[in-house]
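Only one structure is covered here, and it is reproduced in the block below.
The values are calculated or read from the model by the stated rules, or taken from the named source; none is laboratory data. In this text the structure is predicted, and so the values were computed from the model without any measurement. Don't worry about glycine lacking a Cβ; one is built from the backbone with ideal geometry, like all the others, and counts go over all protein chains shown.
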Amino acid sequence: MTGRGKPVVVASFGAGPHAVAAEMLQAAGCDVRVIPASAGEWTAALIAEFAPVADAWIGTFPRLTLPRAVLEHAPRTRVIASSIIGTETIDVAAATDLGIVVAHGAVAENYDGMAEAGVMLIAALLKNLPGKVAALAEGRWKPIPAGRMVDGAVIGMIGLGRIGQGIARRLAGWNCRIVATDPYVDPLLAARLDVEMLPLDQLLAQADVVLPLVTLSAETRNIIDRAAIARMKRGAVLINMGRGGCVDETALLEALDSGHLSGAAIDTWDIEPTPLDNPLRRHPRVIATGHAVGHSEELYRRLPVVAAENVLLGLAGKKPLHVRNPEVLGAWHERMAALD
């Protein structure tokens, strides 16, 4: 950047270690302006205060999403950096249309941590860990719910991205049959991972464990609905640690109560935080966590650093470390040249 003084970075953070990113940006000479936590919606005054001066945006945008209506009033914006891997709160399509690169926290500590958590939850549910913990808490010793072996189980993944690939690698040697459905995956990659590709209906019918590992879109919203659950094997388990809106929680509750599904693990919820009266939070057959099951100290140290680095690279006209919309890069370089 030339001739403008300090670049302005607009920050919008929820909970987490994000202050580190702000400190790094300030140390690099940026003017970090934080959207007030009390702001509940974009008003004309709020847009006028932040959008026209924003050379970059950083954050999770937990309450105020970053929509087209705001980005269209941000002619100086060079880069938007999500400090987490998710970008659902950012209008990526609008950013792409406007020639703005969107970076995110696709660090190894993120997807490797989720893959570790996926294997943990597969074993915990098949071994019926919730039932065994409840039995002791209730004063019972034996008999206890026996659970099943992971050995020989069919693990079905809807989506074979980095998390799914990590799960497949970690299950190598466990003598599982791993199946997946993903129209975008390279068949050679699946073969190297010893993953059998199946249509969704066949996966649901055959899997002992089903993991939806897709991004949330109009196509994937409620991909696990009442009809999909009905096609699953009786006694199968469901793990949702991808995106909450991919699973119909009402249908899942019905299947757990009826015994059609023997258990579930839920880390991502349709509404977050999920309401306190959501019966799935304390259901005896559910391992329930709050969108943090794969998180680690290592991840929390890494995410804010990468977010700040992505912003600084974008401000300098250099490709960020992790780009959500790589198709924009040509138009983005043209935008950068015009801004300079």
- Task: Would you mind finding the one in Val293, Val311, Val237, Val247 that is touching a residue at least 24 places away in the same chain (Cβ under 8 Å), among the β-branched types (Val, Ile, Thr) and under 30 Å from Pro75 (Cα atoms)?
- Result: Val311
- Message: Just to check your reading of the model, which residue among Leu312, Leu329 is crowded, with 17+ Cβ neighbours inside 10 Å, over 22 Å from Gly131 (Cα atoms) and of a type in the set (A, V, I, L, M)?
- Response: Leu312
- Residues (basic (Lys, Arg) and either closer than 12 Å to Leu64 by Cα or at pLDDT 85 or above (or both)) located in the range 1-49: Lys6, Arg33
- Residues located in the range 131-155, provided they are under 16 Å from Ile287 (Cα atoms) and charged (D, E, K, R): Lys132
- Task: Would you point out the residue of the range 195-219, among those that are assigned to a loop (DSSP other than H, G, I, E, B) and of a type in the set (A, V, I, L, M, F, W, C), that is farthest from Val119 (Cα to Cα)?
- Result: Ala218
- Message: What's the number of the only condition in (1) closer than 19 Å to Arg162 by Cα; (2) in contact with a Gly (Cβ under 9 Å, 6 or more places away or on another chain); (3) in a loop (DSSP other than H, G, I, E, B) that Asn222 fails to meet?
- Response: (1)
- Taking the options Gly259, Gly242, name whichever one is in the same structural domain as Gly147 (by TED's automatic domain parsing), within 14 Å of the chain's Cα centre (by Cα) and over 16 Å from Ala124 (Cβ atoms). Gly242
- Could you tell me which residue of the range 15-68 is nearest to the chain's Cα centre (by Cα), considering only residues that are closer than 17 Å to Ile85 by Cα and hydroxyl-bearing (Ser, Thr, Tyr)? Thr60
- Item | Failed condition for Glu88, given (1) at pLDDT below 95; (2) surrounded by 18 or more Cβ atoms within 10 Å (Cβ to Cβ) | (2)
